[in-house]
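Have a look at the structure below, then the notes.
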Amino acid sequence: MIKFAVIGTNWITEKFIEGTNNPPNDETQVMQLHGVYSRDIERATSFANKHNALLTLDTLSELASSKEIDAIYIASPNSLHYEQSKLMLEHGKHVICEKPLSSSFQQAQDLYQTAKDNNVIFFEAYMTAHLPNFKVIKDNLVRLGNIRKAHIQYCQYSSRYPAYLAGEKPNTFYPQFCNGSIMDIGFYCVALSSALFGKPDSIKAQATLLESGVDGCGSVILEYQGFAVTIDHSKISGSNQASEIQGESGTLLIEHVGQCLNVIYQDPKGQNQQTLSQPQSDNSMCYEALAFATQINNAQINPILEQRALQTSKIIEEIRHQTGVVFPSDKT
C-alpha cells in the first residue's frame, strides 16, 4: 500500500482522496491517505480526522523527512507548486502535483530532472489524459480522415469573480499566485491539444487582462501541418458549447473538454450521429490516481506523459509571453 500525504485541504484534495479510496473498474485500492499538511495545525487535524489520516504536520521539512510517507499529493496555489515539489522530490518522495506543474517551462524541466536524480516519480495531475473517453477520442481520430479544424473551448464563469470585482483578492485572479484563465481552465484546452496533436508549428495568442495583471479570458491558435486548433478559454464568462475536431470524413463532438463527459461522432454533412462515450466514474480523479500508483509500482516515469506535460508548459509560457501575463517567478 502506498501511504500518501496531502498538501492542501480544499475540495480538490477531498476529491483526490475519494478517488484513491474508490479505484476504477473494481481495481484493488493501492493508495491510502496517511498524512495531512497545513500551515494551520488545527486545520490539518480537522481535515485528518475527517478522512481518517493518522499524521498531521504544519512544517514542510517535517513532512519531507517523514519515514511514514511514500508519496505526496500537492494541491496548493500554483505559485507554490515548484518549491514544494522540489523539496519533496529531493527527500525521496513520489509527487503528484496539480496542474500546472509550475509557473514556467524551466521549472517543470527541473522538477522532472530532480525526480530522476532521486529515483522517484513526478506526475502531473491532469485527469483528462487518463479518462476512458479520452482514449475514445484518441482512438477515433483516424476515423475523421484528414483533420482540418479543431475548436476547443472551456469557458466557465468563476464563482470567485464577483469577489474580485468587489475588491477582494482571490488567488484565482492575481499574478503573485501564478494564476489566471490560461493557467487554470485554459490549461485543459492546451493540454488536450498537446496530448492529441503534439507540438504545434506556431502559436498565436490574445487575451483580455484584468487590472490585477492576469488574463480573464483569451483565445489561442495552434498551427499544425494542414490544420489549426482554435482555443477559447474564460473565467469571466460562461459557455455550454461543445468542443469539436473536424476532419474530411467526420467530426468528433466533445462535451466538457476537461472531463470528456460525452463523445459523439458526426458524419461530414451533420446528418447522422453516433454516441461513442464509454462509462466513466463520477469521480474522474480516480483514473489519474491509479496511473500515478502504477508508475510508482513500475519505478518509471511514463515518457509520453512527461513529454506532454513539458510541451504543455512550454506552450502556455509562450501564450503568457504573447499576452503580457507576467508572474513574479518570471523575473527571477
Fill in the blank from the handout: Pairs returned, first residue in segment 105-119 that is of a type outside the set (D, E, K, R), second residue that is at pLDDT below 95 and in a helix (DSSP H, G or I), beta-carbon separation under 8 angstrom, 6 or more apart or interchain, are Gln107/Ser329
Handout entry: Scan of segment 245-288 for residues that are over 22 Å from the mean Cα position of the chain (by Cα), part of a strand (DSSP E or B) and among the polar types (S, T, N, Q), ordered by number
Key = Gln246, Thr251, Gln266, Gln273, Gln274, Thr275
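Residues are listed down the side, and each one gets a yes or a no for (1) touching a helix residue (DSSP H, G or I) at 6+ places or on another chain (Cβ under 9 Å); (2) among the aliphatic types (A, V, I, L, M); (3) more than 29 Å from Val325 (Cβ to Cβ); (4) surrounded by fewer than 21 Cβ atoms within 10 Å (Cβ to Cβ):
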{"position": "His51", "(1), (2), (3), (4)": "yes, no, yes, yes"}
{"position": "Ala71", "(1), (2), (3), (4)": "yes, yes, yes, no"}
{"position": "Leu87", "(1), (2), (3), (4)": "yes, yes, no, yes"}
{"position": "Asn119", "(1), (2), (3), (4)": "no, no, yes, yes"}
{"position": "Met127", "(1), (2), (3), (4)": "yes, yes, no, no"}
{"position": "Val142", "(1), (2), (3), (4)": "no, yes, yes, yes"}
Handout entry: Residues within segment 142-157 that are under 17 Å from the mean Cα position of the chain (by Cα) and assigned to a loop (DSSP other than H, G, I, E, B), tallied
Key = 1
Handout entry: Filtered residues of segment 183-210 (kept if assigned to a loop (DSSP other than H, G, I, E, B) and over 13 Å from Thr172 (Cα atoms))
Key = Gly198, Lys199, Pro200, Asp201
Practice task
Kindly indicate whether Glu317 is over 30 Å from Phe122 (Cβ atoms) and acidic (Asp, Glu).
Solution key: no
Problem - Leading residue by the ranking (surrounded by the fewest Cβ atoms within 10 Å (Cβ to Cβ)) among those in segment 30-43 that are modelled with pLDDT under 95 and within 23 Å of the chain's Cα centre (by Cα) - result: Val30
Problem - Residues being assigned to a loop (DSSP other than H, G, I, E, B) and surrounded by fewer than 24 Cβ atoms within 10 Å (Cβ to Cβ) - total across segment 165-182 - result: 6
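The values are calculated or read from the model by the stated rules, or taken from the named source; none is laboratory data. None of the values given here were measured: they were computed from a predicted structure. Because the Cβ atoms are built from the backbone with ideal geometry, glycine has one as well, and the counts that use them run over all protein chains shown.
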